[in-house]
Amino acid sequence: MAERSWSVQDAKNRFSEVVEAARRSPQTVTKHGKPAVVVVDVAEYERLQQLERATAPSFADVLLAMPQDDGEFSRDAVRMRDLDL
């Protein structure tokens, strides 16, 4: 079944229909004619969450990927601001 688009007002008035339709395919809810949210079946949501976790690097991987050259950072030659105490 093709994805259906609902206005916010229609989605509020016919929420049970939106939920039933979302079990078959994602349902887009629009606000002022523009897509605002997508309602999806819980199994699809969990599949997407698992896929995201599988592809996202861990915090440890991010830290280990940082350069470790033990070098110094160069500093720009800037004039210090005047400070009135």
Original post:
Within the set of pairs 6 or more residues apart or between chains, which connect a residue that is on the phi > 0 side of the Ramachandran plot inside the range 66-83 to a residue that is exposed (fewer than 10 other Cβ atoms within 10 Å of the Cβ) and part of a loop (DSSP other than H, G, I, E, B) with Cβ atoms less than 8 Å apart?
Top reply: none
Original post:
Hey, Asp84 hits all of (1) assigned to a strand (DSSP E or B); (2) open to solvent by 90 Å² or more (accessible area, probe 1.4 Å) but one; which does it fall short on?
Top reply: (1)
Subject >> Per-region count, the range 31-69, residues more than 30 Å from Glu17 (Cα to Cα), open to solvent by less than 70 Å² (accessible area, probe 1.4 Å) and aliphatic (A, V, I, L, M) >> reply: 2
**OP:** Report the residue count in the range 29-75 for those that are under 16 Å from the mean Cα position of the chain (by Cα), of a type outside the set (A, V, I, L, M, F, W, C) and within 30 Å of Glu3 (Cβ to Cβ).
**Re:** 10
Original post:
Is one or more of the residues making up the range 12-24 touching a strand residue (DSSP E or B) at 6+ places or on another chain (Cβ under 8 Å), open to solvent by 70 Å² or more (accessible area, probe 1.4 Å), β-branched (Val, Ile, Thr) and modelled with pLDDT of 95 or more?
Top reply: no
Original post:
Which one of these is among the hydrophobic types (A, V, I, L, M, F, W, C), out of contact with any Leu (no Cβ under 8 Å at 6 or more places or on another chain) and touching a residue at least 24 places away in the same chain (Cβ under 8 Å): Ala60, Ala36, Ala21?
Top reply: Ala36
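The values are calculated or read from the model by the stated rules, or taken from the named source; none is laboratory data. Since we're looking at a predicted model, the values are computed, not measured. When we count neighbours, we look across all protein chains shown, and the Cβ atoms used for this are built from the backbone with ideal geometry, even at glycine. Only protein heavy atoms, including side chains, enter the accessible area calculation; ligands, DNA and RNA are left aside. Shrake-Rupley method; radii C 1.70, N 1.55, O 1.52, S 1.80 Å.
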